[in-house]
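These notes concern the structure reproduced below.
Each reported figure results from applying straightforward, stated rules to the coordinates on display, with no laboratory input. Source: prediction; values computed, not measured. Every residue, glycine as well, gets a Cβ built from its backbone with ideal geometry; the counts of neighbours run over all protein chains shown.
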């Protein structure tokens, strides 16, 4: 009996222990704004998760603060500005384009241009190295092979 209970405990996931936030909203528009905001704000502890996906204590606090601000009819810009003032631009998944984030926004395009230029240079170099230096004896041998292959197919 004890083994059966132990087996059952091992089979059931422990996801039920995770905290689930249940926020009540006045209308669906506020709920949609809240969901959009917690999807766009980054968890500072997890760093690769947004607030909606993270179960870190800080993420729970930030979700609660976001809920309070949405309930007070604060705009998305005001909420984002509050988070940036308190935690820095890292809290935003899409930081604004400025001198601090210029490399972040242009970096992928620069890397793409470098990759394409290296690819083109490599292709051109290989074509130049191969050259078309074929002597007459090689051409005659290839022609005779093709002729013999045609004769075999016709027969």
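Working from label points 7 Å from Cα in the Cα-to-Cβ sense, the residue 154 to residue 60 distance is 8.7 nm. Taking every C-alpha pair closer than 8 Å and separated by at least 6 residues, the mean separation divided by the residue count of region 31-155 gives a relative contact order of 17 percent. Taking label positions 7 Å along the Cα-Cβ direction at both residue 100 and residue 29, the computed distance is 3.2 nm, reported to one decimal. By definition, a body whose alpha carbon gyration tensor gives a ≥ b ≥ c is oblate when a/c is 1.5 or more and a/b is not larger than b/c, and region 20-91 fits this oblate description. Modelled this way, with points 7 Å down the Cα-to-C-beta line, the labels at residue 126 and residue 36 are 4.8 nm from one another.
Comparing mean-square fluctuations of 111, 123, 79 from a GNM of the chain with C-alpha springs under 10 Å, the top value falls on 123. Of 134, 91, 116, the residue with the greatest mean-square motion in the GNM of the chain, using alpha carbon springs below 10 Å, is 134. Ordering of 141-153, 38-50 by packing is 38-50, 141-153, highest average first (other Cβ atoms within 10 Å, averaged per residue).
Per residue of the chain, the DSSP helices (runs of n ≥ 4 H) give a summed -39500 (n - 2.57) that works out to -21000 deg cm²/dmol at 222 nm.
Would you mind telling me which residue in 106, 138, 66 has the biggest mean-square fluctuation in a Gaussian network model of the chain, where springs connect alpha carbons within a distance under 10 angstrom? Ranking 106, 138, 66 by mean-square fluctuation puts 138 first. For residue 118 and residue 90, the FRET efficiency from 1/(1 + (r/R0)^6), where r spans their Cβ atoms and R0 equals 30 Å, is about 0.40. Our estimate of slack between residue 49 and residue 110, defined as 0.36 nm per intervening residue step minus the Cα-Cα distance, is 19.4 nm. Compute the acute angle (0 to 90°) between the alpha-carbon long axis of helix 28-40 and the principal axis of greatest extent of the alpha-carbon atoms of the chain; round to the nearest 10°. For 28-40 against the chain, the angle is about 50 degrees. Radius of gyration over Kirkwood radius for the chain, both on Cα atoms: the Rg/Rh ratio is 1.43.
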